[in-house]
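Undergrad: Mind looking over this structure? Questions follow.
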Amino acid sequence: MLDLIDWLTRQEFGRKCMVSIRDLLSWVNFMNTMVEEADSKRPDTISTVTSFVHVACLVYIDGIGSGVTSSGFGTALLAQEECLKFLIKRLSKIVQLTESEK
């Protein structure tokens, strides 16, 4: 989570992004809820990695191009794509590390 925020705020399109404690707490609460559901072994739950991507989109990525980060529609889409690429690359590394520890 912090890697994404650090990376995002260093990008031209992300410099105006406001990172609030409420956003961070919402992210943590969402992840805690999804992990609890995954641990319950319910068949309709989504993986932790998928949950992480969803909450990143909900809290930060979907808001790029609106409000203080307002820009042209095409620019916003490209910025959102760059965020997702960064996120997927980082998550792939984490999943590989986790699997190698098993």
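Undergrad: Among F52, Q80, L24, which residue has its Cα furthest toward the positive end of the charge dipole of the chain, with +1 on Lys/Arg Cβ and -1 on Asp/Glu Cβ?
TA: Positive-most Cα among the choices belongs to Q80.
Undergrad: Let me ask something else. Based solely on its DSSP helices, what 222 nm [θ] is calculated for the chain when runs of n ≥ 4 H residues each add -39,500 (n - 2.57) and the sum is averaged over all residues, nearest 500 deg cm²/dmol? Spell out each step's value before the answer.
TA: Working: 4 runs with 69 residues, N = 102.
My calculation for the chain gives -22500 deg cm²/dmol from helical runs alone.
Undergrad: Taking the Cα centre as origin and putting +1 on Lys and Arg beta-carbons and -1 on Asp and Glu beta-carbons, what dipole magnitude results for the chain, to the nearest 20 debye? Numbers along the way, then the final one.
TA: Details: 11 positive and 13 negative charges, 43 e Å.
In total the dipole reaches around 200 debye.
Undergrad: Under a crude label model (7 Å from the Cα following the beta-carbon direction), how far is L25 from T75 in nanometres?
TA: Roughly 3.3 nm, to one decimal.
Undergrad: Computed from the coordinates I sent, log10 I(q)/I(0) by the Debye sum over Cα atoms at q = 0.09, 0.15 Å⁻¹ equals one of (1) -0.62, -0.87; (2) -0.19, -0.54; (3) -0.25, -0.67. Tell me the label.
TA: The calculated read-out lines up with (3).
Every read-out reported here was derived from the displayed coordinates using simple, explicitly stated rules and does not represent laboratory data. On a predicted model such as this, the values are computed, not experimentally measured, just so you know. Don't worry about glycine lacking a Cβ; one is built from the backbone with ideal geometry, like all the others, and counts go over all protein chains shown.
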